[in-house]
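These notes concern the structure reproduced below.
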Amino acid sequence: MRAARCSTGLQPEDKGQGKGLTGVTTTDTGHLPSVHSSMEGRGRMERVCVLVLRSVAGFFWHLPRNVLILALALYRRLISPLYGPVCRFFPSCSAYAMEAVTVHGAVKGSWLAGRRLIRCHPWNSGGLDPVPAGSHDHGSDPVKVPYIIQLNHPDKFLAIQSDVEGREAA
């Protein structure tokens with residue numbers, strides 16, 4: 001019988017009556033207890049493989065976005081305070097870029113941030129320039145909404161926050 005494989009290196013192995021996975025120890029409280037049929041063992045191994053592959057793929061899928069967010073956060077911490085409050089737009093260009101990358105991802109967020117930087121020049125009057133809404137709705141719960149979005153939309157989230165604090169005080 002040919003052994004099935006996945007990127008984790010796990011493979012089914014005959015162990016007398018039951019089936020198990022090589023390279024995986026099973027405990028009484030364990031996550032992968034011994035399996036009694038080959039079909040069930042393969043299904044469990046496939047589920048483990050799918051979960052591992054999804055987490056690895058998710059890490060690499062979000063890696064460019066997370067690298068850009070880290071670079072923007074470092075810029076906001078180290079370089080932006082040296083300039084002082086000189087931005088003619090709200091939110092500032094770095095806050096706009098961070099929200100755009102957070103909401104729209106690395107490619108579209110970078111495109112939106114680049115367009116915003118091109119508009120930032122002495123002959124533009126500036127003003128309120130929010131990031132276009134993304135397809136994902138974070139809801140109104142401040143715990144689930146990224147902090148940069150809360151900062152860039154004080155009209156929505158300060159009202160919710162003050163309402164919650166008022167209810168707790170009462």
| note | Amide H proximity to Phe90 below 5 Å, modelled H, separation 5+ or other chain, gives Gly127, Leu128, Asp129
| said: What translational diffusion coefficient, to the nearest whole µm²/s, does the stretch 50-153 have by Stokes-Einstein, given a Kirkwood radius computed over alpha-carbon pairs, a temperature of 10 °C and 1.306 mPa s viscosity? | reply: 106
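Read the figures in this text as sums done on the coordinates, not as results from a lab. Everything numeric here is computed off the predicted structure, so don't read it as measured data.
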